[in-house]
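*Asks:* Take a look at the following structure, please.
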Amino acid sequence: LGEETGFLGCLLVIVGFALLMGRLLQVARHARSDFESLVVIGIGTMIMFQVVVNIFMTIGLGPVTGIPLPFLSYGRSAMVVNFIALGLCLSVVKQSKRLNLLR
């Protein structure tokens, strides 16, 4: 992606993941129970860990592992797991009566 879109494309991807993490923290803050909050925080941590490891691996600061960049790299099983994880977060949003994120 960086070769095709350059610096601005990479910056947009990083900003997009930061916005996703901010939204997940907002969902966790307004969750009904501690369990729902911890599930959303755990999913956000999982996604951001994959992002950080993949970026460090790509720029040469970390060891080369098989961790794909969420929603961008070609890893079918990882993509399915990430979409299921975001589905759980959307379930927390739906169950929360106090949260108005979709408006």
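The values are calculated or read from the model by the stated rules, or taken from the named source; none is laboratory data. Note that the structure is predicted; figures quoted are calculated from it, not measured. Neighbour counts run over all protein chains shown; Cβ positions are idealised from the backbone, glycine included. Heavy atoms of the whole protein, side chains included, go into the accessibility calculation; ligands, DNA and RNA do not. Shrake-Rupley method; radii C 1.70, N 1.55, O 1.52, S 1.80 Å.
*Asks:* Can you match Rg and Dmax of the Cα atoms in Å to one of these, (i) 13.7, 45; (ii) 13.8, 41; (iii) 15.0, 45, based on a calculation from the structure here?
*Replies:* So the calculated entry is the one marked (iii).
*Asks:* Between helix 34-59 and the chain, what is the angle of the helix's C-alpha long axis to the longest principal axis, kept within 0 to 90° and rounded to the nearest 10?
*Replies:* That helix lies at roughly 10 degrees to the long axis.
*Asks:* R0 = 30 Å: FRET efficiency of ILE14 with LYS94, Cβ-based, nearest 0.05?
*Replies:* The value I calculate is 0.60.
*Asks:* Also, I was wondering about something else. Rank PHE83, MET48, SER73 by how far each Cα sits towards the positive end of the charge dipole of the chain (+1 on Lys, Arg Cβ; -1 on Asp, Glu Cβ) and give me just the farthest.
*Replies:* PHE83
*Asks:* Taking the Cα atoms only, what angle lies between the long axis of helix 76-95 and the longest principal axis of the chain, rounded to 10 degrees?
*Replies:* Result, in degrees: 30.
*Asks:* Considering only SER96, LEU1, VAL13, whose Cα is most displaced toward the positive end of the charge dipole of the chain, charges sitting on Cβ of Lys, Arg (+1) and Asp, Glu (-1)?
*Replies:* Looking along the dipole axis, the top candidate is SER96.
*Asks:* Nothing charged except the Cβ atoms of Lys and Arg (+1) and of Asp and Glu (-1): what's the magnitude of the dipole of the chain about its Cα centre? Round to the nearest 20 debye.
*Replies:* 580 debye
*Asks:* Which angle from 0 to 90°, rounded to the nearest 10, does the C-alpha axis of helix 2-29 make with the longest principal axis of the chain?
*Replies:* 20 degrees
*Asks:* Can you work out the accessible area per residue across the chain, with the rest of the protein chains kept in place, probe 1.4 Å, in square angstrom?
*Replies:* 70 Å²
*Asks:* Run the accessible area of the chain with a 1.4 Å probe and give the carbon-and-sulfur part as a rounded percent.
*Replies:* 68 percent
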